[in-house]
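Quick notes on the structure that follows.
The values are calculated or read from the model by the stated rules, or taken from the named source; none is laboratory data. None of these values were measured; they are calculated from a predicted model. Counting neighbours? That spans all protein chains shown, and the Cβs are built from the backbone with ideal geometry, glycine included. Heavy atoms of the whole protein, side chains included, go into the accessibility calculation; ligands, DNA and RNA do not. Shrake-Rupley method; radii C 1.70, N 1.55, O 1.52, S 1.80 Å.
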Amino acid sequence: MKNNLPDLEDTNYKIIQVNALLSYVGNDLANLSDPVESGNKDDVTIQASFMNDRAFFTCRTALDLIKEIQKDVEACIKPIDEVSGRASN
């Protein structure tokens, strides 16, 4: 098994960053939650248009970090499967 695992301290730091970013835009996200839950796409679009650039780019940064965290987790899953004998051939 190759030791190409991601640095878990770096992954943990990314998680902390996401938490901070989402806290920063919490009110903006709360305002979006009702239209999203109701499934009304027009209301979501209208509410999202009220978000300023700061909120939009903060959310975008959080989503980018979440994608990086997902890749880190996926990079760990295959080696775990190999060690436990669950890897498919």
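In the chain, carbon and sulfur make up what percent of the accessible area (probe 1.4 Å)?
Answer for the chain: carbon and sulfur cover 54 percent of the accessible area.
What value does region 1-46 have for Rg/Rh, both radii from Cα atoms and Rh as Kirkwood defines it?
My calculation puts Rg/Rh at 1.30.
Might you tell me the accessible area per residue for region 16-86, computed with a 1.4 Å probe and given in Å²?
72
Taking just the C-alpha trace of the chain, give me its Rg and Dmax in Å.
Spelled out, the Cα radius of gyration and Dmax of the chain are 18.0, 51 Å.
Placing unit charges on C-beta atoms (Lys and Arg positive, Asp and Glu negative, everything else neutral), compute the dipole magnitude of the chain about its Cα centre in debye, rounded to 20.
That gives a dipole near 220 debye.
Mind checking which of V36, N19, V73 is farthest towards the positive end of the chain's charge dipole, using Cβ charges of +1 (Lys, Arg) and -1 (Asp, Glu) about the Cα centre?
Result: V73.
How high is the relative contact order of the chain, in percent, counting Cα pairs under 8 Å that sit 6 or more residues apart?
Worked out over the chain, it gives 46 percent.
Please return the longest stretch of the chain lacking exposed loop sites, where trypsin sites (Lys or Arg not before Pro) count only if DSSP places them in a loop and at most 14 other Cβ atoms lie within 10 Å.
3-85
Connecting C-alpha atoms closer than 10 Å in a GNM of the chain, tell me which of D64, D53, D72 has the biggest fluctuation.
Sorting by GNM fluctuation, first place goes to D53.
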